[in-house]
1. State which residue pairs qualify: first residue touching a residue at least 60 places away in the same chain (Cβ under 8 Å) and inside the stretch 145-156, second residue surrounded by 13 or more Cβ atoms within 10 Å (Cβ to Cβ) and assigned to a strand (DSSP E or B) in any location, beta carbons under 6 Å apart, and separation of 6 or more residues or different chains.
2. Name the residues in the stretch 77-87 that are out of contact with any helix residue (DSSP H, G or I) (no Cβ under 8 Å at 6 or more places or on another chain) and either more than 11 Å from residue 110 (Cβ to Cβ) or free of Cβ contacts under 8 Å to residues at least 24 places away in the same chain (or both), would you?
3. Could we say that residue 135 is in contact with a strand residue (DSSP E or B) (Cβ under 7 Å, 6 or more places away or on another chain), under 30 Å from residue 57 (Cα atoms) and in a loop (DSSP other than H, G, I, E, B) here?
4. Looking at (1) free of Cβ contacts under 8 Å to residues at least 40 places away in the same chain; (2) assigned to a strand (DSSP E or B); (3) closer than 20 Å to residue 145 by Cα, find the lone condition where residue 91 falls short.
5. Determine which single condition residue 140 fails, assuming it passes every other condition in (1) exposed (fewer than 12 other Cβ atoms within 10 Å of the Cβ); (2) under 21 Å from the mean Cα position of the chain (by Cα); (3) at pLDDT 85 or above; (4) part of a loop (DSSP other than H, G, I, E, B).
6. With respect to residue 41, determine if the residue is assigned by TED's automatic domain parsing to the domain that holds residue 137, part of a loop (DSSP other than H, G, I, E, B) and either closer than 28 Å to residue 138 by Cβ or at pLDDT below 75 (or both).
């Protein structure tokens, strides 16, 4: 057992959140007060208090949160919230009310994080800890992939039977009026994190 003697009180960093321990505790951010729910620990997502109206807005997996277990909240210098969960890291933009998810395919040590294992330094660097170590990152350096992958048709069926047709689109596919049940499969050519490809 290692004992650490505290010789001085450490200053509380202005933009660092700590674990909320009472039902009325909240963390003030630029875009309103946010709290982690206290029922069953942090099992119920993220709450946002509008200080003007006094109303709470609740965000869960149904709203795009990757997991309802929110273990840590840090605010970046742009006012976005970074949440550690039991299913990866989420960036929440309070202006658009949207979540961006990050997981092990993005380089996280694990998708599962630990409570009380998060810190923001004075220069804005964030430290988040999980079951396999911790990640260090600068939020402003996390950018979405600007390259839109090529999408191609990989199969064409008529009445659930595959057809030998030109799938490149150079040759038209001609069907009779009786061939009125068709289906096709398609794929995006992005193999870095294919599970993150989204189709409109």
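1. none
2. Start the filter on the stretch 77-87 by keeping residues that are out of contact with any helix residue (DSSP H, G or I) (no Cβ under 8 Å at 6 or more places or on another chain), which leaves 79, 81, 83-87.
Residues satisfying the conditions are 79, 81, 83, 85.
3. Working: in contact with a strand residue (DSSP E or B) (Cβ under 7 Å, 6 or more places away or on another chain): yes; under 30 Å from residue 57 (Cα atoms): yes; in a loop (DSSP other than H, G, I, E, B): no.
Against the criterion (in contact with a strand residue (DSSP E or B) (Cβ under 7 Å, 6 or more places away or on another chain), under 30 Å from residue 57 (Cα atoms) and in a loop (DSSP other than H, G, I, E, B)), residue 135 does not qualify.
4. (1) is the only condition that residue 91 fails.
5. (4)
6. Numbers: assigned by TED's automatic domain parsing to the domain that holds residue 137: yes; part of a loop (DSSP other than H, G, I, E, B): yes; either closer than 28 Å to residue 138 by Cβ or at pLDDT below 75 (or both): yes.
For residue 41, the condition - assigned by TED's automatic domain parsing to the domain that holds residue 137, part of a loop (DSSP other than H, G, I, E, B) and either closer than 28 Å to residue 138 by Cβ or at pLDDT below 75 (or both) - is met.
Each row is one residue, and each column tells you yes or no for (1) at pLDDT 90 or above; (2) closer than 30 Å to residue 45 by Cα; (3) part of a strand (DSSP E or B).
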position: 116; (1), (2), (3): no, yes, yes
position: 119; (1), (2), (3): yes, yes, yes
position: 147; (1), (2), (3): no, no, no
position: 165; (1), (2), (3): no, no, no
position: 170; (1), (2), (3): no, no, no
position: 199; (1), (2), (3): no, yes, no
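The values are calculated or read from the model by the stated rules, or taken from the named source; none is laboratory data. Note that this is a predicted model, so its numbers are computed, not measured. Don't worry about glycine lacking a Cβ; one is built from the backbone with ideal geometry, like all the others, and counts go over all protein chains shown.
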